[in-house]
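The values are calculated or read from the model by the stated rules, or taken from the named source; none is laboratory data. Since the model is a prediction, treat every value here as computed from it, not as a measurement. A quick note on method: Cβ atoms are made from the backbone with ideal geometry, for glycine too, and the neighbour counts reach across all protein chains shown. Areas reflect the complete protein model, heavy atoms only, side chains present, ligands, DNA and RNA absent. Shrake-Rupley method; radii C 1.70, N 1.55, O 1.52, S 1.80 Å.
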Amino acid sequence: DAGVIQSPRHEVTEMGQEVTLRCKPISGHNSLFWYRQTMMRGLELLIYFNNNVPIDDSGMPEDRFSAKMPNASFSTLKIQPSEPRDSAVYFCASSRGQGANQPQHFGDGTRLSIL
Amino acid sequence: SQQGEEDPQALSIQEGENATMNCSYKTSINNLQWYRQNSGRGLVHLILIRSNEREKHSGRLRVTLDTSKKSSSLLITASRAADTASYFCATSNFGNEKLTFGTGTRLTIIP
């Protein structure tokens with residue numbers, strides 16, 4: 001079975017540029033999560049979708065961050081304009097059911113470096 | 001804020017020994033989950049234990065939950081080099097659809 005697929009795996013760009021991260025969840029999963037992992041702050045939930053609808057975006061750092069889920073098999077996380085402090089590993093995860101009551105399946109992440 | 005805090009932060013043991021990691025949390029939970037993360041990879045789900053359960057097993061893994069002490073432990077028996085990874089606990093609260101992850105325990109198995 002294909003797991004959660006994220007692209008790109010690595011992204012290096014200059015500050016001020018727009019960055020788009022992509023995620024394909026596991027087929028049949030109806031919850032999708034975007035996380036950010038840094039040494040200083042650990043793993044933080046940015047936004048959570050259920051049935052393609054954003055349920056909780058309280059973790060999105062600021063208006064420079066936006067996320068969409070146009071259909072059940074695709075989601076994007078966009079940063080515009082990017083800043084050096086956005087450098088982190090961004091993970092997408094999906095699960096069956098709703099919320100945090102089921103195991104979450106993670107992609108291998110996008111390592112983002114903003115110069 | 002971090003809900004789960006793992007202890008110890010780092011642990012090194014000889015291959016074949018048992019490894020125990022602990023997780024403490026602050027508020028009542030709906031369930032607690034343990035995940036493993038290998039270097040450069042995403043998290044992998046290990047075990048989910050619900051608040052009304054006290055112990056669960058999966059292969060060489062044993063998880064206990066003590067809601068009165070707000071703590072959980074993960075035991076890996078007969079450790080192998082491939083168990084080298086970071087281990088995270090994550091909690092979900094009633095009425096809250098988020099998983100909150102702890103800071104992790106870095107486990108190193110020495111061959």
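Values for this structure:
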| item | result |
| --- | --- |
| Candidate set: region A:10-30, residues that are within 17 Å of A:ASP86 (Cβ to Cβ) and outside any strand (DSSP E or B); chosen: the one least open to solvent (accessible area, probe 1.4 Å) | A:GLY16 |
| Per-region count, region A:34-54, residues under 15 Å from A:SER95 (Cα atoms), in contact (Cβ under 8 Å) with a residue 24 or more places away in the chain and surrounded by fewer than 19 Cβ atoms within 10 Å (Cβ to Cβ) | 1 |
| Which listed residue is of a type in the set (Ser, Thr, Tyr) and over 27 Å from A:ARG36 (Cα atoms), from B:THR103, B:THR27, B:THR64 | B:THR64 |
| Condition check for A:ALA93: farther than 23 Å from B:GLU97 by Cβ and not acidic (Asp, Glu) | no |
| Test: residue in region A:56-66 that is of a type in the set (A, V, I, L, M), outside any loop (DSSP other than H, G, I, E, B) and touching a strand residue (DSSP E or B) at 6+ places or on another chain (Cβ under 7 Å) | no |
| Top-ranked residue in region A:55-72 [being within 12 Å of another protein chain (Cβ to nearest Cβ) and open to solvent by 60 Å² or more (accessible area, probe 1.4 Å); ranked as farthest from A:SER113 (Cα to Cα)] | A:ILE55 |
| Qualifying residue in region B:33-48 (condition: within 14 Å of another protein chain (Cβ to nearest Cβ), within 22 Å of A:SER31 (Cα to Cα), touching a His at 6+ places or on another chain (Cβ under 8 Å) and open to solvent by 10 Å² or more (accessible area, probe 1.4 Å)) | yes |
| Extreme residue, surrounded by the most Cβ atoms within 10 Å (Cβ to Cβ), among residues of region B:52-83 that are β-branched (Val, Ile, Thr) and in contact (Cβ under 8 Å) with a residue 40 or more places away in the chain | B:ILE76 |
| Extreme residue, farthest from the other protein chains (Cβ to nearest Cβ), among residues of region A:102-112 that are open to solvent by less than 40 Å² (accessible area, probe 1.4 Å) and in contact (Cβ under 8 Å) with a residue 24 or more places away in the chain | A:LEU112 |
| In region B:84-111, residue modelled with the lowest pLDDT [restricted to those that are part of a strand (DSSP E or B), within 14 Å of chain A (Cβ to nearest Cβ) and open to solvent by 20 Å² or more (accessible area, probe 1.4 Å)] | B:THR100 |
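This table checks each residue for (1) surrounded by fewer than 14 Cβ atoms within 10 Å (Cβ to Cβ); (2) under 26 Å from B:SER39 (Cβ atoms); (3) more than 12 Å from the chain's Cα centre (by Cα); (4) without any contact (Cβ under 8 Å) to a residue 60 or more places away in the chain.
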{"residue": "A:LEU32", "(1), (2), (3), (4)": "no, yes, no, no"}
{"residue": "A:LYS78", "(1), (2), (3), (4)": "no, no, no, no"}
{"residue": "A:GLY97", "(1), (2), (3), (4)": "yes, no, yes, no"}
{"residue": "A:ALA100", "(1), (2), (3), (4)": "no, yes, yes, yes"}
{"residue": "A:LEU115", "(1), (2), (3), (4)": "yes, yes, yes, no"}
